[in-house]
Amino acid sequence: MAALDNLPSDRKYNIKNQLAGLVEHAKTNKRSVGKDGFLSRHGSCFTIYPMSLAVPDFEKFQAHPDDLVICGIAKSGASRFCALIGMIMQDADPDYLYREPDLQEKVPWLDFCTAVNAEGPRGIEQISLIAPPRAYWTRYAFDGLPSSIHQSGAKIVYHLRHPKDTLITLYHHYLARKERMSFSGELEEMIQWLVSDNIYCGPWFDHILSYWNHRNDPNVFICSYEDVSRDPKKAIKDLATFLNKPLTEQQVETVAYHTHFDQMRINSLANHESNNSVGEFDFEAAKFMRSGKVGGWKKHLSHDQNSRINAWMEKNMQRPELAGLAERFSETFKIE
């Protein structure tokens with residue numbers, strides 16, 4: 001899966017070129033977060049500009065039965081799950097994370113798109129350059145995925161994270177792109193987007209439901225950032241079982257160590273240093289891998305802000321179609 005020797009030998013797929021193209025495009029095609037058509041619906045949830053420009057080409061994408069698709073709401077832990085799954089599929093070889101190319105090239109972003117009516121770079125084209133078996137990640141809801149993914153029977157891993165931690169991480173993510181995205185920098189504005197379901201990947205509980213409805217499908221595995229953080233060895237074993245890649249105890253320990261947030265944070269091939277180096281992300285404003293702490297939201301939300309998010313969570317958790325979700329992932333949907 002995403003083996004290093006399965007990547008294109010001519011390096012057409014180069015993350016720095018990708019990101020530089022995105023930065024250049026943003027100079028003349030800027031859309032403000034929360035305004036100007038920044039959000040557009042695809043399937044049951046919202047995507048963002050310019051990633052929405054790739055949607056018309058989704059039907060051209062050909063998934064393979066041995067593909068692995070890593071799915072989740074923006075800032076719910078995709079990088080860490082890409083590293084976890086990559087190492088598992090590479091028999092726990094640490095070299096997978098420390099040898100070039102960048103993790104973003106080994107496990108590409110399906111949604112990626114830069115410019116209007118341009119041939120690329122686009123994620124769907126770049127993934128197609130990689131010989132299977134391969135892995136890639138996406139922020140689309142289940143019903144927004146290219147149809148060939150469903151038709152192929154490819155494995156799908158969906159990762160959850162507490163909505164408050166996800167929101168705070170997304171907030172800092174926008175701060176690091178404040179100028180390019182014309183973001184006001186106000187947390188209060190993002191909270192309003194969240195509770196009104198007018199946010200990237202929103203409505204978030206509809207996004208979750210789209211995968212929860214398929215929790216019993218044999219090719220779908222749902223896990224959480226909180227479970228990985230609390231008991232990484234168990235989470236790794238569960239993932240390895242789903243991926244049909246049994247690991248020894250020593251291999252499990254190796255994966256747990258090298259995919260720990262603190263280790264990934266100092267690994268330049270896993271911490272999105274590429275984004276910072278081309279100006280797509282400002283590490284002075286916020287690191288891409290900033291904190292990673294479960295419950296970190298408590299340092300940022302006022303009592304009133306927390307109460308409003310709690311009310312939004314409680315309302316959604318009462319939906320009958322989400323029955324069993326809070327019990328299965330109690331820490332992820334804890335109201336406090």
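The values are calculated or read from the model by the stated rules, or taken from the named source; none is laboratory data. Not measured: the values here are computed from a predicted model. Counting neighbours? That spans all protein chains shown, and the Cβs are built from the backbone with ideal geometry, glycine included. These accessible areas exclude ligands, DNA and RNA; they are computed on the full protein's heavy atoms, side chains included. Shrake-Rupley method; radii C 1.70, N 1.55, O 1.52, S 1.80 Å.
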> Which value results when the Cα radius of gyration for the range 183-283 is divided by 2.2 N^0.38 Å?
Replying inline: 1.41
> When the Karplus curve 6.51 cos²θ - 1.76 cosθ + 1.60 is applied with θ = phi - 60°, which whole-Hz ³J(HN,Hα) does each residue of the range 179-194 get, with x for Gly and Pro?
Replying inline: 5, 5, 9, 6, 8, 5, x, 9, 5, 4, 5, 5, 4, 5, 4, 4
> In whole percent, how big is the carbon plus sulfur part of the accessible area of the chain, probe 1.4 Å, protein atoms only?
Replying inline: 48 percent
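Sort 151-157, 51-57 for me by packing, meaning the mean count of neighbouring Cβ atoms within 10 Å per residue, highest on top.
Numbers: 151-157: 19.1, 51-57: 17.3.
Order by mean packing, descending: 151-157, 51-57.
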>> With unit charges on the beta carbons (Lys and Arg positive, Asp and Glu negative) and the dipole taken about the Cα centre of the range 32-329, which residue among I48, F221, H300 sits farthest to the positive side?
In response: H300
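Which of K16/K298; K237/K334; K106/K298; K164/K245; K35/K315 have a Cα-Cα distance over 30 Å? All intermediate terms of the calculation are to be shown ahead of the outcome.
Working: K16/K298 35 Å; K237/K334 25 Å; K106/K298 34 Å; K164/K245 33 Å; K35/K315 26 Å.
Those over the limit are K16/K298; K106/K298; K164/K245.
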> Which far-off residues, 5 or more places away or on another chain, put their amide H under 5 Å from the one on K155, with H placed in the peptide plane?
Replying inline: D67, V69
>> What number comes out for accessible area per residue over the chain if the probe is 1.4 Å? Units Å², please.
In response: 41 Å²
>> Nearest 5 percent is fine: what portion of the DSSP beta bridges confined to the range 32-329 is antiparallel?
In response: 25 percent
